[in-house]
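Participant: This is the structure, below, for whatever I ask next.
The values are calculated or read from the model by the stated rules, or taken from the named source; none is laboratory data. Note that this is a predicted model, so its numbers are computed, not measured. Neighbour counts are summed over all protein chains in view; Cβ atoms, including those assigned to glycine, are modelled from backbone coordinates with ideal geometry. Remember, those area values only see protein heavy atoms, side chains included, never the ligands or the DNA or RNA. Shrake-Rupley method; radii C 1.70, N 1.55, O 1.52, S 1.80 Å.
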Amino acid sequence: MRLRTIGMVLVMATTCPALLAEGTTPSSSSLWKSVRQVMHHRLLLPASKRYQPGSRAGDYYTIDGVNPTALAYVHREGGVMHSTRFPVGSLLIKENYDVHHRLVNITAMLKADRFDTGDHNWIMANYSPGGKVLAFGKVAACINCHAIAGKSDFVFAPPPLNLLSAQTIHSFFPGKKITKPYKILLKKYPHAVLQ
Ligand code: HEC
């Protein structure tokens, strides 16, 4: 028991370094370090599953990871759908895998202090598996879609709790096919579709 407590404190200390402290905006490389820690510690967003269905070939399977700050908050609120104001320092990531379980890229969102007040202060980022920065900062393409989850502070509950309509997916990713497993979810859970 004692060991477990010490372990948890260590996890907290290594996953929330000063770079995520209130009032600071990390660089894309410091955020990548924090993303790596989330991938390493394997804390999952509540209600999500490892290799759950994504919507396209580039995210055929996904894993939603969180840091301890985000996890404690979502637990306290009783799930993502009740989480209306993530605390500063919350970090959420989505590992995107192809149909062969190969990691394609990792998207991340970090709640910063007074970063982008109109859009709930999320720093949005996208990294290649090797840590190359593909997008970082106030990324309109990310924010415009995540705004659909406005009630839960721009965070989507994992599938099948929240789903995107085929129309929304096509408008953000023209020409990309929707995966079969995602189509099945859309048929089975039409009420989960966010407009
Ligand atoms: C077309 C809409 C859309 C776009 C564009 C989009 N996302 Fe998402 N994102 C989603 C949906 C839906 C989920 C939930 C699916 C899941 O949990 O696997 C999600 C999940 C996430 C998560 C996990 C936390 C959560 O909300 O469930 C992160 C982090 C994330 N996206 C970051 C980004 C970043 C960064 C970008 C831009 C580079 C981006 N997203 C672009 C729709 C979108």
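Participant: Send over a whole-number figure in Å² for the accessible area per residue of the stretch 55-110, probe 1.4 Å.
Facilitator: 40
Participant: If each of residue 116 and residue 184 carries a label point 7 Å out from its Cα toward its Cβ, how far apart are those two points in nm?
Facilitator: 3.5
Participant: What lysines could a cross-link reach from residue 33, if we take a straight Cα to Cα line under 24 Å and drop same-chain neighbours fewer than 8 places away?
Facilitator: Filter leaves 49, 94, 111, 132, 138.
Participant: Let me ask something else about it. As a test of the formula, what do you get for the chain when each DSSP H run with n ≥ 4 contributes -39,500 (n - 2.57) and the sum is divided by the residue count, at 222 nm and rounded to the nearest 500 deg cm²/dmol?
Facilitator: Only helices count here, giving -9000 deg cm²/dmol.
Participant: Could you please state how large a percent of the accessible area of the chain is carbon and sulfur, counting protein chains only and using a 1.4 Å probe?
Facilitator: Here carbon and sulfur together make up 59 percent of the probe-accessible area.
Participant: Mind grabbing the accessible area of residue 81 for me, 1.4 Å probe, Å², rounded to tens?
Facilitator: Accessible surface of residue 81 is approximately 100 Å².
Participant: At R0 = 30 Å, how high is the FRET efficiency between residue 36 and residue 191 if r is their beta carbon distance? Nearest 0.05 is fine.
Facilitator: Rounded to the nearest 0.05, the efficiency is 0.25.
Participant: How do 101, 120 stack up against each other in accessible area, from largest to smallest, with a 1.4 angstrom probe?
Facilitator: From most exposed to least exposed: 101, 120.
Participant: Still on this structure, I have one more. Can you bin the stretch 143-195 into rounded, prolate or oblate? Criterion: square roots of the alpha carbon gyration tensor eigenvalues sorted a ≥ b ≥ c, rounded for a/c under 1.5, prolate for a/b above b/c, oblate for the rest.
Facilitator: oblate
Participant: On to the next question. What list of ³J(HN,Hα) couplings, whole Hz, do you get for the stretch 159-167 from phi and the Karplus terms 6.51, -1.76, 1.60, once you set θ to phi - 60° and write x for glycine and proline?
Facilitator: x, x, 5, 10, 10, 9, 5, 4, 4
Participant: Order the following by accessible area, largest value first: 102, 76. Probe radius 1.4 Å; ligands, DNA and RNA are ignored.
Facilitator: 76, 102
Participant: Relative to the longest principal axis of the chain, what angle (0 to 90°, nearest 10) does the C-alpha long axis of helix 28-41 take?
Facilitator: So the inclination is approximately 90 degrees.
Participant: For residue 75 and residue 27 in one chain, what is 0.36 nm times their gap in residues minus the Cα-Cα distance, to one decimal in nm?
Facilitator: Separation in residues times 0.36 nm, less the Cα-Cα distance, equals 14.4 nm.
Participant: In addition: When the distances between all Cα atoms of the stretch 2-155 are binned every 10 Å from zero, what whole-number percent does each bin get?
Facilitator: 11, 41, 38, 8, 0
Participant: On to the next question. In whole Å, what is the distance between the alpha-carbon centres of the stretch 68-82 and the stretch 110-188?
Facilitator: 19
Participant: Normalise the Cα radius of gyration of the stretch 85-195 by 2.2 N^0.38 Å (N = residues in it) and let me know the number.
Facilitator: For the stretch 85-195, the normalised Cα radius of gyration comes out at 1.11.
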